[in-house]
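Laboratory data are not the source of any read-out in this text; all were calculated from the coordinates shown. Small disclaimer: the values here were computed from a predicted structure and weren't measured. Counting neighbours? That spans all protein chains shown, and the Cβs are built from the backbone with ideal geometry, glycine included.
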Amino acid sequence: MDSNLIEKLKTQIKGDVLSDDLTLNLYSHDASLFEVKPQVVVNPKDTEDLKALVKFVSKNKKNNPSLSLTGRSAGTDMSGGSINDSIIVEFGRYFNHTPTINNNIATTQPGVFYRDFEKETLKQGLIFPSYPASREICAMGGIVNNNSGGEKSLEYGKTEQYVKRVKVVLSDGNEYELKPLSQEELNEKMKLKNFEGEIYGKMYKLITENYDEIQKAKPHVSKNSAGYYLWNVSKKEKRIFDLTKLFVGAQGTLGLVTEASIQLLPTKKYSEMMIVYLNDLSLLGKIINIVLPLKPESFETYDNHTLLLAIKFFTGFAKKLGTKNFITLAWQFLPDFLMLVSGGIPKLVLQVEFTSNQKHELNDKIARLKDNLKPFNLKVNIAPNKKAEKKYWLIRRESFNLLRHKVKDKHTAPFIDDFIVKPERLTEFLPKLNNILHKYPRLTYTLAGHLGDGNFHIIPLMKIEDPKQRQIIPTLAKEVYELVIKYKGSITAEHNDGLIRTPYLKQMFGEKIISLFEETKKIFDPQNIFNPRKKVFGDLDFAMNHIRQNW
Ligand SMILES: Cc1cc2nc3c(=O)[nH]c(=O)nc-3n(C[C@H](O)[C@H](O)[C@H](O)COP(=O)(O)OP(=O)(O)OC[C@H]3O[C@@H](n4cnc5c(N)ncnc54)[C@H](O)[C@@H]3O)c2cc1C
């Protein structure tokens, strides 16, 4: 983008238009393993700025075909979703007004951090139950656009269930409100002789003409972030047509989200947590089958590498726990230290949490779980109080963050970081996954995840600057994704497609559905203005040529 064009852009935007080296370097990264330098970073001040931006790109695209707009809220995307090589549209600076809450619905701007959003909802005894483990560092725009999930998704499902309405700026440079429409309302929209009418008409045709195939393409897992969720837009039996469902999880490839209305749920009064220490991983399938019928709110896991890291960096946890008194914290970690010195670190720690408004219901479930696990002779532990529960949650939530910041001379390389396979298939699937991983004996990695959903986060630690190590990435990813697809899973349950997984979508969905995804993109964004190479028209070579060289 030449300097004249940047100067021209500055005259049309009230917010900041930045192209200094420091800013461009900062926005070359998200939490993925990629590095893509943008040409400009814009902090739009308001929706008028966004409209002007879209019109500017649309007008200049012919002479500058690489011009594009990539939305970014907090930039913690692990797939390379929030980086690109043209204009980054950063929402954190100005689109961060305090959310409003009415009748259990919160209306929020995209740049609001989840931690601030939750402060407002908790004031009313309400919660958005699909917050991710990155809850302290991510924002609502990323949660909506990635269809994020988290520890409570086992019971409550993902973001897609809670987004009731969005406001978006589309490729014609106008803002629209998307919400569920009745057949009569849809008919009115389709009569409009403008871009909105065109979109409704074309999307209605695409979805009705391919209805059965689209419904069949829905991944058979409890959580999915891959592809465009065409299967959610219209259900014949409900006679509702809802384009909101298409925008959730679309990674900003169809338009820029300026506002979202999100359903909230009442918080529950009580919780109890049981920790199960597991060494014989062949028991995992059986244990999952014992735990799930008791309907825990969350059922999480992390491995021995994660636990060792937590013990090593326990002072870092002290800060997060807000514990000034190190002795108190050391006391919390004492059992873990003892396990370490006695060589008794378990291969996997399983964390089962039950919640209820009735204390007796919790006691009953914990007692039944204890009884049912007795034949396996496992070490189990009931978290004695909220502080102890918090410690386990911190290890689980912060494991990836710890790796990113604390491990010297090796780097986190998320590329098989988020696959999901139905829990009942895990007994068969996991040994096959191990066989693949064993082919790379020098590869160290941590494993954590949402066990109840069969969703695993494997994060390899690599010397990323070594070309031999980099070569492993596409080969191992292909092997793992082929296995996941064979077991009818999804290559991403939460973290989305981005640069890393878009090239594998054809394997997962097949030619026909990919052609419908591409048609969808063309209907909304015929000039390919929004976040190119993500969701459709993926480019594995581009991705591999943009792996970070330096940290
Ligand atoms: C330590 C750690 C733990 C994580 N744990 C989880 C987890 O448990 N579950 C989970 O789902 N994810 C997890 N993630 C991934 C990530 O944090 C989440 O997906 C999060 O919701 C992204 O939010 P963000 O604001 O940082 O998004 P960003 O990185 O800013 O953006 C995410 C995507 O949304 C698009 N986008 C953002 N704002 C807009 C907008 N206004 N309009 C259009 N497009 C937009 C971007 O282009 C990008 O494609 C984790 C990441 C880290 C670093």
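Some points to look at:
- Per-bin percent of Cα-Cα distances, the chain [20 Å]: 21, 56, 22, 1
- Three-way shape label, the range 489-551, alpha-carbon gyration tensor, a/c 1.5: oblate
- Other-chain or far-sequence residues with amide H under 5 Å of A226's (modelled H): T492
- Between K238 and Q549, the modelled labels are 4.9 nm apart [label points 7 Å from Cα along Cα→Cβ].
- A Cβ-based charge dipole, computed about the Cα centre of the range 211-266 with Lys and Arg at +1 and Asp and Glu at -1, lands at about 200 debye.
- Look at where the Cα atoms of the range 353-372 and of the range 23-89 average out, and the two centres are 48 Å apart.
- All C-alpha to C-alpha distances of the range 6-46, sorted into 10 Å bins beginning at zero, yield P(r) values of 29, 46, 22, 3 percent in whole numbers.
- Dipole magnitude of the chain about its Cα centre (Cβ charges: Lys, Arg +1; Asp, Glu -1), debye to nearest 20: 900 debye
- Dipole magnitude for the range 506-551: about 140 debye, using +1 per Lys or Arg Cβ and -1 per Asp or Glu Cβ, origin at the Cα centre.
- Gyration tensor (alpha-carbon) shape descriptor, the range 23-68, a/c threshold 1.5: oblate
- Projecting the Cα positions of I288, L243, N104 onto the charge dipole of the chain (unit charges on Cβ atoms of Lys, Arg, Asp and Glu, taken about the Cα centre) puts I288 furthest along the positive direction.
- Calculated [222 nm] ellipticity per residue, helices only, for the chain: -12500 deg cm²/dmol; basis is -39500 (n - 2.57) per DSSP H run with n ≥ 4, divided by all residues, nearest 500.
- Per-residue ³J(HN,Hα) for the range 2-8, Karplus 6.51 cos²θ - 1.76 cosθ + 1.60, θ = phi - 60°, Hz, x for Gly and Pro: 6, 5, 4, 5, 4, 4, 4
- Think of the range 1-95 as having a plus end and a minus end, set by charges on the Cβ of Lys, Arg, Asp and Glu; of S79, M1, N64, N64 sits farthest toward the positive end of this dipole.
- Sequence-ordered 3J(HN,Hα) estimates for the range 458-474 from the Karplus curve with 6.51, -1.76 and 1.60 and θ = phi - 60° stand at 9, 10, x, 10, 9, 7, 5, 7, 7, x, 5, 5, 5, 4, 4, 4, x Hz, glycine and proline given as x.
- Placing dummy labels 7 Å off each Cα toward the beta-carbon, the span from R425 to N25 is 4.5 nm.
- Taking amide H as placed 1.01 Å from N in the peptide plane, N147 has its amide H under 5 Å from the amide H of G249, each at least 5 places away in sequence or on another chain.
- The range 277-294 residues near the modelled H438 label - backbone nitrogen below 17 Å, point 7 Å along Cα→Cβ: 280-284
- On full extension, the segment bounded by L294 and R404 gains 36.1 nm, given 0.36 nm per residue less the C-alpha separation.
- Within the range 429-496, GluC sites (Glu not before Pro) in DSSP loop having at most 12 other beta-carbon neighbours inside 10 Å: none
- Dipole of the range 65-206 computed with +1 at Lys/Arg Cβ and -1 at Asp/Glu Cβ about the Cα centre; of N146, G173, F117, farthest Cα towards the positive end is F117.
- The string of couplings for the range 256-270 from the Karplus curve (6.51, -1.76, 1.60, θ = phi - 60°) is 9, 8, 9, 6, 9, 9, 10, 5, 10, 10, x, 6, 9, 6, 10 Hz, one whole number per residue in order, with x for Gly and Pro.
- Cα-Cα P(r), the range 1-120, percent of pairs per 10 Å interval: 13, 41, 32, 11, 2
- A Förster distance of 22 Å, applied to the separation of the beta-carbon atoms of E465 and L540, puts the FRET efficiency at 0.60.
- Spacing of the two label points (7 Å from each Cα toward its C-beta) at Y176 and D2, in nm: 3.5 nm
- Rounded tilt (10° steps) of 326-341 against the dominant C-alpha axis of the chain: 70 degrees
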